[in-house]
1. Among 417-425, 237-245, how do they line up from the highest to the lowest mean number of other beta-carbon atoms within 10 Å?
2. When the chain is fully extended, how far beyond the present Cα-Cα distance does residue 420 get from residue 448, taking 0.36 nm per residue of separation?
3. If we sort 90-99, 138-147 on the protection proxy, mean other Cβ atoms within 10 Å, highest first, what's the order?
4. Hey, what's the Kirkwood Rh for segment 262-358 if you take every pair of different alpha carbons, in angstrom?
5. Gain in length, residue 15 to residue 230, computed as 0.36 nm per residue apart minus the alpha-carbon separation, to one decimal in nm?
6. In segment 78-164, what % of DSSP beta bridges are antiparallel (nearest 5)?
7. Enumerate the residues in segment 162-184 having an amide nitrogen under 16 Å from the point lying 7 Å beyond the Cα of residue 202 toward its Cβ.
8. Can you run the Rg to Rh ratio on segment 115-162? Use alpha carbon positions and the Kirkwood inverse-distance Rh.
Ligand code: NDP
Ligand code: 2IT
């Protein structure tokens, strides 16, 4: 990665920091893209003239709203809802909704900003956006979650639509929440507009393989990186952080490809199972019973739970961070490299700190950045939109085959861009440039908007 910003890029970056005070995650995401795309601006000086970088860093629209709701005891609460509609050059705004107490504007903006380039890489017609709330779904009853989702949608419904903005899930938002939000949207608009949300249940317009798509896609991306080095998942020890949607289906696909997942986590700590995690147990524990990762040890007595600590201390061949932003630090990266890690696939968004990324690149570790590696989720959301538009429901194998092909294409596009711009093997620069150029070209075509 180019670690220094060039003069004009530094001016733009400083301006972004000044205009968006206190939004550290957004600054971090912008900085990485600005560092990466400098060589593309030499090839396309017209982007500089048209102020594409400045325009791309400014969301087209951002909305913050009050979400009042009542708990089961009748007590009233207020949370904050956010939707950032970042860029619609390539299609309707598209990106998930996150419910987590840490959510604030800076997190939603970093996610929305990254989503622009990720969605561009998929090759599908989707712009970039993101939303969320500081609501904490943990420990809430189904009816509390429902009331919250309904209240959230009372505001959100004005902003979204199948041709305008199409939200989906992210941390804390899965099929249950999407169901409640869809029901409320239908009620408020009097329209069964299937394509307004993705990640829907299979009984009312959801796509087979969307639930699996991010984890499967990330594993396919790492498989491509390994294949290019005549290597594979076969016999590899893999550490997957988190134990949510992305982590669960990363586990399933890694096992299918002959690897063994030896550690998984949640925000409380991590479990090590040297024999390899059992997919059935994890799926039941997390998706049905909504329990904690430490409860895995109740079913597999040989496994051990470590409270707190860093999951990256567990020696492995492949690391797949799939929990949250900045969960893998420079120190963690050094530990992974020391223990012989050969590849990293980012299932989460921005899970590695800039220092960690530099350590991996310096050590020649195959590094699949989030924008490329976890794009399978949103790509399959776009496939869900296609099915909804055609009132079709494709077979699991058909969607999975399309997802697999999309991930192969993303790998190819990313690695070719890295080669073309003089940094072979640097998929951070490759993904940022490839994603950026397409959006920038369309922004030029659309004129000054
Ligand atoms: P889930 O809510 O299903 O799972 C999140 C997991 O990460 C949980 O195990 C959770 O632990 C852990 N986690 C969340 N926040 C923190 C934190 N602050 N510190 C430590 N652990 C944390 O979310 P997803 O699996 O959907 O999302 C995981 C990541 O993947 C996110 O970065 C998301 O943006 C990204 N992503 C998701 C896509 C999708 O399709 N769902 C698509 C592309 C990227 P706990 O239960 O203890 O909170
Ligand atoms: O970060 C992401 O790409 C997602 N949370 C999925 C977004 C989507 O619209 O499917």
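1. 237-245, 417-425
2. So the chain would gain 7.2 nm between residue 420 and residue 448.
3. Descending mean neighbour count gives 90-99, 138-147.
4. Evaluated on segment 262-358, it is 13.9 Å.
5. Length gained, residue 15 through residue 230: 72.9 nm.
6. The antiparallel proportion sits near 65 percent.
7. Under cut-off, by backbone N: 175-176.
8. On the Cα set of segment 115-162, Rg over Rh gives 1.11.
None of the figures in this text is laboratory data; all of them are computed from the coordinates on show. Just so it is clear, the model here is predicted, and its values are computed rather than measured. Here Cβ is always computed from backbone atoms with ideal geometry, including for glycine, and neighbour counts include all displayed protein chains.
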